[in-house]
Amino acid sequence: ITGKFGNQNKRKVTHMDERLVMSLKVLPNQPYGSDVHEMYLSFVCGELEVWDLETGDIFNPENFTDKNGEPKELSESTIRNILNNPASQLLIEKALRGRMEFYHEQMPHMHRHGGEFSLSQITMDDVDLPRRMKGGEYVHAYYAYDVVSQCRIGLAYGRDKDDALVVGCFRDMFRLIERNGWGIPAGIEVEQHLMSKYKGGFLKAGEVFKFVHFCAPQNSQEKYAEALNGAFKTTIAHKNHEAIGRWHNKGARRVDQKKVSDSSNHTWEDRKYYTFEELVADDRRDCEEWNNTLHPNQKKYPGMTRWDVLVAKINPTLRPLDKLTLSRYIGEKVDTSIRRNSTVRVANADWWLSGPEVLEQLEPNNRKVTAYYLPDEEGKPTDVFLYQNDRYLDKVRPVVTYNRVMAEQTEEDRVAYTEQNKVLSHFSKYLNDHAIGKVGTGTPDQPTDDPEEELELPPVELSDNLPADLSADPESDYEWHSGISEAMRAISDM
């Protein structure tokens with residue numbers, strides 16, 4: 001085959017011409033087609049110098065001549081045809097646009113379909129509530145959606161977009177799961193911005209969630225929560241409130257903005273300002289309405305709301321709720337110490353150890369421990385777990401007090417009294433079971449202590465006024481008695 005086969009000698013516009021024209025088009029000022037035509041003619045005539053920014057090589061006009069050696073003159077329509085070719089437009093857009101703009105407008109995207117079971121995957125994202133507070137500030141919200149049912153199962157609000165907002169959303173989601181007796185969601189997809197710090201711990205695959213996916217930065221179309229946020233805004237929020245939309249929208253979703261003439265020329269007048277509490281209350285009501293609205297796929301779920309789908313389609317393979325692990329990662333942390341070998345102080349309340357056996361796990365001469373717990377809606381502890389230097393020790397239970405005034409004691413006081421006596425009985429049994437045996441000491445030739453000799457102590461008599469069950473066996477469970485003498489109280493305090 002001759003070497004002339006497949007070359008571009010017969011083409012008026014060669015591949016080199018096309019690359020030069022497109023390179024001129026992607027200059028930082030993004031010239032029009034007519035300007036590109038003028039620059040091309042100036043270049044081939046030797047009036048304009050063009051060089052490669054990457055290599056520094058200067059383009060030679062002699063490489064852009066016709067068969068007679070004359071500068072190749074391309075018409076303006078030819079230049080436009082080169083620039084308007086679809087393949088050329090793709091390359092030009094790649095060179096001119098930023099990563100996010102090109103990714104969303106030109107790049108192919110993944111095509112997916114939904115799942116079958118709720119809580120199989122959670123998708124999370126933050127949003128700024130569209131209406132503003134005084135001063136132009138936004139309320140920041142974080143939502144957790146169930147992918148299949150589209151229900152919002154976790155809500156958190158704050159004045160700042162920070163870690164507290166993320167943790168608050170997780171806590172709210174797991175409180176809902178605990179109330180309904182569901183398991184831990186199998187998978188989760190999250191953003192990079194606020195979640196990347198949890199990659200090695202809470203959001204490590206298999207630690208809490210079996211499957212974890214971090215979406216690419218600024219890739220909103222990958223994260224399903226973005227689409228659900230948009231659907232919520234254009235349906236429920238737009239129906240219930242004014243000023244929900246964009247200035248560039250058309251029709252009912254357009255929001256007009258009025259510019260204020262001042263020195264900066266960048267101030268816009270809002271219609272109305274709201275308080276933080278008003279915006280949060282409105283959004284919570286909207287979320288409740290969203291969850292109880294018919295699921296958009298009525299062909300698959302006829303007559304069922306999003307909440308109905310969530311409850312009816314729970315994935316049967318979910319792991320049970322693990323509050324121990326959750327408390328460690330997203331719970332409150334309190335440094336405390338063990339008091340009187342029996343209690344710790346957490347959140348301004350006393351908590352019983354499960355028993356004196358916990359003391360055996362402590363380091364020598366170290367009673368300091370760390371308590372972790374998940375707070376409820378009011379911020380109060382639920383289950384409290386103790387650790388010492390990242391080693392789990394115990395799950396403690398609250399100390400329930402009883403009324404010392406006998407005339408005012410109720411049934412709850414009697415139950416609390418009995419429970420506390422059980423703690424003391426358990427403690428006394430532990431002491432008896434682990435009592436240190438007595439030994440004698442001395443030299444092999446002249447022992448100073450006779451192991452046969454017993455130490456005599458004066459007898460101690462218990463008062464005859466004590467109830468029989470208290471004076472007989474300190475290991476037995478105590479029962480309630482209508483009156484508590486000082487002797488009884490002293491025994492209880494031992």
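Has segment 345-357 got any residue that is at pLDDT 95 or above, of a type in the set (D, E, K, R) and either in contact with a strand residue (DSSP E or B) (Cβ under 8 Å, 6 or more places away or on another chain) or assigned by TED's automatic domain parsing to the domain that holds Leu176 (or both)?
Yes, the conditions are met somewhere in segment 345-357.
Among the residues of segment 415-436, is there at least one that is on the phi > 0 side of the Ramachandran plot and at pLDDT 55 or above?
Of all residues in segment 415-436, those on the phi > 0 side of the Ramachandran plot come to none.
Within segment 415-436, not a single residue is on the phi > 0 side of the Ramachandran plot and at pLDDT 55 or above.
Name every residue in segment 320-348 that is under 24 Å from the mean Cα position of the chain (by Cα), assigned to a loop (DSSP other than H, G, I, E, B) and either buried (at least 17 other Cβ atoms within 10 Å of the Cβ) or acidic (Asp, Glu) (or both), in order of residue number.
Asp322, Gly331
Kindly check whether there is at least one residue in segment 252-270 that is under 19 Å from the mean Cα position of the chain (by Cα), of a type in the set (S, T, N, Q), modelled with pLDDT under 90 and more than 26 Å from Leu374 (Cβ to Cβ). Walk me through how you get there before you give the answer.
Restricting attention to segment 252-270, the residues satisfying the condition of being under 19 Å from the mean Cα position of the chain (by Cα) are none.
Looking through segment 252-270, none of the residues is under 19 Å from the mean Cα position of the chain (by Cα), of a type in the set (S, T, N, Q), modelled with pLDDT under 90 and more than 26 Å from Leu374 (Cβ to Cβ).
So, in segment 102-121, exactly how many residues are buried (at least 23 other Cβ atoms within 10 Å of the Cβ) and on the phi < 0 side of the Ramachandran plot? Give the derivation first.
The first filter runs over segment 102-121 and keeps only residues buried (at least 23 other Cβ atoms within 10 Å of the Cβ), leaving 118-119.
If we keep only those that are on the phi < 0 side of the Ramachandran plot as well, we get 118.
Qualifying residue count, segment 102-121: 1.
Is it the case, given these coordinates, that Asp128 is of a type in the set (Asp, Glu), in the same structural domain as Ala227 (by TED's automatic domain parsing) and loosely packed, with under 14 Cβ neighbours inside 10 Å?
Numbers: of a type in the set (Asp, Glu): yes; in the same structural domain as Ala227 (by TED's automatic domain parsing): yes; loosely packed, with under 14 Cβ neighbours inside 10 Å: yes.
Judged against the criteria, Asp128 is a match.
Could you give every pair whose Cβ atoms fall below 6 Å, whose first residue belongs to segment 364-385 and is acidic (Asp, Glu), and whose second residue is not in a loop (DSSP other than H, G, I, E, B), counting only separations of at least 6 or pairs across chains?
Matching pairs, first to second residue: Asp376/Thr382; Asp383/Lys323.
Exactly one of these conditions fails for Asn29: (1) polar (S, T, N, Q); (2) in a loop (DSSP other than H, G, I, E, B); (3) surrounded by 10 or more Cβ atoms within 10 Å (Cβ to Cβ). Give me its number.
For Asn29, the exception is condition (3).
For segment 82-90, state whether one or more residues are under 41 Å from the mean Cα position of the chain (by Cα), within 22 Å of Ala227 (Cβ to Cβ) and not β-branched (Val, Ile, Thr). Walk me through it before giving the result.
Of all residues in segment 82-90, those under 41 Å from the mean Cα position of the chain (by Cα) come to 89-90.
Pick out the ones that are also within 22 Å of Ala227 (Cβ to Cβ) and you get none.
No: zero hits.
The values are calculated or read from the model by the stated rules, or taken from the named source; none is laboratory data. Values in this document were obtained by computation on a predicted structure and should not be read as measured data. For neighbour counting, all protein chains shown are included, and Cβ atoms are generated from backbone atoms with ideal geometry for every residue, glycine included.
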